[in-house]
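This report concerns only the one structure given below.
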Amino acid sequence: MFQGKSIRVQALSDGVVELCFDRQGESINKLDSRTVGELLEAVTLIGKDATVRGVLVSSAKDVFIVGADITEFGGWFAWPEARLAEHIRGLNKSFTGLETLPVPTVVAINGFALGGGLETALSVDFRVMSTQAQIGFPEVKLGLFPAFGGTVRLPRVASAQVALDWIPTGAPAKADAAKAAGVVDEVVAPEALRDAALSLLKKAIAGDIDWRAKRAVKDAPVNISSDEARQLFTAVKEKVAKQSPKHQPAAMAAVEAMEKHFPLKRDAAIEIEVTGFAKICQTQAAHSLVQIFLNDQLLKKKFKEHARNARPLKQAAVLGAGIMGGGIAYTSALRGTPVLMKDIQQKQLDLGSSEAQKLVAKQVKSGKLKPEKAEAILASIKPQLDYAGFDQVDAVVEAVVENIKIKHAVLTEVESLTRNDAVIASNTSSLRIDDLAAPLQRPENFVGMHFFNPVPVMPLVEVIKGSKTSDTATSTIVGYGVAMGKTPIVVKDGPGFLVNRILTPYMLAASRLIADGADFVKIDQVMEEFGWPMGPCYLNDVIGMDTGEHVFKIISAGFPERMQVTWKDSVGLMVANKRFGQKNGVGFYSYENDPTGKPKKSVDADSHALLATTQSKGTREFSTQEIIDRMMLPLMVEAAHAFEDGVVDTVVELDMALLLGLGFPQYLGGALKYADWLGLDKVVALSERYAGLGPMYQVTAKMREMAAQKLKYYAI
Ligand SMILES: NC(=O)c1ccc[n+]([C@@H]2O[C@H](COP(=O)([O-])OP(=O)(O)OC[C@H]3O[C@@H](n4cnc5c(N)ncnc54)[C@H](O)[C@@H]3O)[C@@H](O)[C@H]2O)c1
């Protein structure tokens, strides 16, 4: 009857037709504009055919429909709001067309039906779902909300409560939960799905079940009294306000759209959804979160390329069972790579092992790990004081103390005891990979593997390629990082590698603001409100003032042309006064443990007095915007320098490293995405305004050039 590139319609028997999603040349179905267009063509044809008595909607893939085609969003974002609303209004015709066919319809949901996939299913009269399928609206995770009638149909099909639970969280539901929520009508085993759907359709055709009544509910206002609705929305808004990350308004906007359209009939309700969606598409969060999704895809592609180049890695070893080594050994074992854990002190081995035991026990308690699996994991970590078995390992991660002499001794020793093709990685935080490689016989097999603390939690690993590191060694360590569940990003060797290099000017900017008279508490408050998980002064306390000072000094020494500290540095002052931060109970703030043993910060009166000694011109009030600009500008500038210096291949890797390594605010999308959002002309103007603060605040020549040509770092 109809053959498109994503949809075909075929007559079955007894007046039943099947509308099957079967995207040509791909293993999944998705709702790009072409498919939505085909859906309208298909339902128009079916609607005109008087011989059709019922429609089965199905998929020929393992999934039903995974959702919209996210690569199209960039184009949408470039349009003015009104044009986008008009476009989405047009696309909605396909779904109302499907919903208003003159015959009953049943959908067989065989696999993922997410976003637009679920919206398609909700446009049908009855939903039969495989026990293996999952459905949901993940749009808020992209800074958006459903716009093909999802916010309208879900509360009308299931209930107000279900819609207000599902849409703002974006969590998918398995079959039983979907049935219990009333979103689907039947749940059956995958092999019984088609027959069950057809049998339901036949009952509807025969008039045994009232499909018209079911459909009428979707055209009507949501069945809830205005008093009930008021109470429900008050409670939901409070919850959503608490749960939503800062500057991510999509979940709340979805709730507000529903509040407006619950008392309306379908078409008017869809209009509210469409205009709300067009508005949310203008937000910074939507642009950034969609970009992050696309970035993630690019990284996955890169991992696949590395996998082709990597050596197999079946057995690993870690040198040093301290904070980092212990965490690396645990994460490796947990994710299936057995590991030898060598230290020179038994007490450290005991500490490393007991930490691993605690972490595994936690996983068992939370139900994430079966007890027998937990035992196997712990057994795959071998604590040892000698090098037994090192001749068998495929890779070694060195995590001993940060001292080049000790590291040289340890690395040359381990190189002589391992196979010629074993890769040796160092988890150094501040030493150059080329410097560490100097005494090695096989520098091509040596690479940096910079984890972030705490290792089991932090997703980023910088894989540092020294000038002699081979592609194979790099790819092997990227593969190891992926196997550990991390996101490895390959960076060039250099002071601070990537993330700490870009962080340094930001931290120096805080110190400079304090010296210029700003209150450190206000700086922290402003930056936290701006979206950072913690302000820069609090971060210094958490890192440890002495550790931070050491690392930032090494990095700024690497870039003397712009990172010289020409003012009285507050971090140095804190160190001189033995205020090391959380680790000794006092830094910028003072700390006391709460009843659960977690350090709780309070503002310490002495801090202000001490910091006053750095403020030669006394204190002064800074506006919120001034603090944000003075903090973020040097960070963007350094990100641009790092990119221009070729520290990473792509802006995607640069921004993703910041998001994953620093907890950089998601709604900003990374330093360069943020620069794009502001507009490079605005960044240049800011740089001119703060020219007096020195070279750290000066945009690069390339940034000026890009601004003049109205260029961006990203295509969208
Ligand atoms: N702590 C962090 O936040 C962090 C973050 C990233 C990278 N790093 C880097 O990781 C490395 C380790 O740091 P850490 O914080 O785990 O230190 P740590 O002091 O907790 O642990 C170092 C361990 O190395 C052991 N060790 C010393 N000499 C050894 C040898 N010859 N053979 C085997 N073990 C030996 C020590 O006994 C100790 O257990 C350093 O290079 C550090 O710069 C640390």
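Read the figures in this text as sums done on the coordinates, not as results from a lab. Since the model is a prediction, treat every value here as computed from it, not as a measurement. Glycine gets a Cβ as well: all are built from the backbone with ideal geometry, and neighbour counts include every protein chain shown.
With q set to 0.07, 0.12 Å⁻¹, the log10 of I(q)/I(0) for the chain, from the Debye formula over equal scatterers at the Cα positions, is -0.59, -1.32. Taking amide H as placed 1.01 Å from N in the peptide plane, Met341 has its amide H under 5 Å from the amide H of Val318, Lys382, Gln384, each at least 5 places away in sequence or on another chain.
For segment 2-282, take N as its residue count and report Rg(C-alpha) divided by 2.2 N^0.38 Å.
Numbers: Rg = 17.8 Å, N = 281, 2.2 N^0.38 = 18.7 Å.
Dividing the Cα Rg of segment 2-282 by 2.2 N^0.38 Å gives 0.95.
Each residue of segment 133-245 gets 120 Å³ once the volume of the Cα convex hull is shared out per residue.
Using Cα pairs under 8 angstrom and six or more residues apart, how large is the relative contact order of segment 313-493, in percent? Present the calculation step by step, with values, prior to reporting the outcome.
Working: 365 pairs, mean separation 39.1, N = 181.
Relative CO of segment 313-493 lands at 22 percent.
Each of His87 and Asp208 was given a label point 7 Å from its Cα along the Cα-to-Cβ line. The distance between the two points is 4.6 nm. By how many nm would the segment from Ala235 to Asn223 lengthen if fully extended, with 0.36 nm per residue of separation less the alpha-carbon distance? Computed gain between Ala235 and Asn223 is 2.5 nm. Two tests apply to each whole DSSP H helix in the chain, Cα reach of 24 Å or more along its axis and mean Kyte-Doolittle hydropathy of at least 0.0, and the ones passing both are 499-515, 624-644. Would you compute the Debye intensity of segment 603-716 from its alpha-carbon atoms alone, equal scatterers and no solvent, and pass along log10 I(q)/I(0) at q = 0.11, 0.20, 0.21 Å⁻¹ to two decimals? With no solvent term, the Cα-only Debye profile gives -0.43, -1.08, -1.15. Packing around the peptides 328-341, 384-397, 345-358, taken as the average count of other Cβ atoms within 10 Å per residue, puts them in this order, highest first: 328-341, 384-397, 345-358. A simple packing score, the average count of other Cβ atoms within 10 Å per residue, orders the peptides 606-615, 569-578, 443-452 as 443-452, 569-578, 606-615, with the highest score first. Here the extension length gained between Ile323 and Phe77 equals 84.1 nm, from 0.36 nm per residue of separation less the Cα-Cα distance. Between Leu12 and Glu41, full extension at 0.36 nm per residue minus the direct alpha carbon distance yields a gain of 8.5 nm. Under the criterion of Cα pairs below 8 Å and six or more residues apart, the relative contact order for segment 2-282 equals 18 percent.
For the chain, what does the relative contact order come out to in percent, with C-alpha contacts under 8 Å and a separation of six or more?
Working: 1336 pairs, mean separation 62.1, N = 716.
Rounded, it is 9 percent for the chain.
Couplings 3J(HN,Hα) for segment 436-448, derived from phi with the Karplus relation 6.51 cos²θ - 1.76 cosθ + 1.60 (θ = phi - 60°), are 5, 6, 3, x, 7, 6, 10, x, 5, 9, 10, 8, x Hz, where x marks Gly and Pro.
Semi-axes of the equivalent ellipsoid of segment 313-493: what are they in whole Å, largest first, if each equals the square root of 5 times a C-alpha gyration tensor eigenvalue? Intermediate results must be reported in sequence, preceding the final value.
Details: eigenvalues 131, 58, 41 Å².
Computed over segment 313-493, the values are 26, 17, 14 Å.
The antiparallel fraction among DSSP beta bridges confined to the chain stands at about 30%.
May I ask which of Lys301/Lys407; Lys468/Lys673; Lys141/Lys246; Lys302/Lys702; Lys302/Lys673; Lys93/Lys237 have a Cα-Cα span longer than 23 Å here? Display every interim value, and only then the final one.
Values: Lys301/Lys407 34 Å; Lys468/Lys673 32 Å; Lys141/Lys246 13 Å; Lys302/Lys702 27 Å; Lys302/Lys673 20 Å; Lys93/Lys237 31 Å.
Over 23 Å Cα-Cα: Lys301/Lys407; Lys468/Lys673; Lys302/Lys702; Lys93/Lys237.
Evaluate the Debye formula for segment 300-386 with equal point scatterers sitting on the alpha carbons, no solvent, and hand back log10 of I(q)/I(0) at q = 0.12 Å⁻¹, in q order, two decimals. Results for segment 300-386 at q = 0.12 Å⁻¹ read -0.40. Hydrodynamic radius of segment 251-348 by the Kirkwood approach over all distinct alpha-carbon pairs: 18.6 Å. Here segment 102-150 and segment 654-687 have alpha carbon centers that stand 35 Å from each other.
Evaluating 6.51 cos²θ - 1.76 cosθ + 1.60 at θ = phi - 60° for every residue in segment 573-590, the Karplus couplings come out as 5, 4, 4, 4, 9, 6, 9, 8, x, 3, 5, 10, x, 8, x, 4, 10, 10 Hz, glycine and proline recorded as x.
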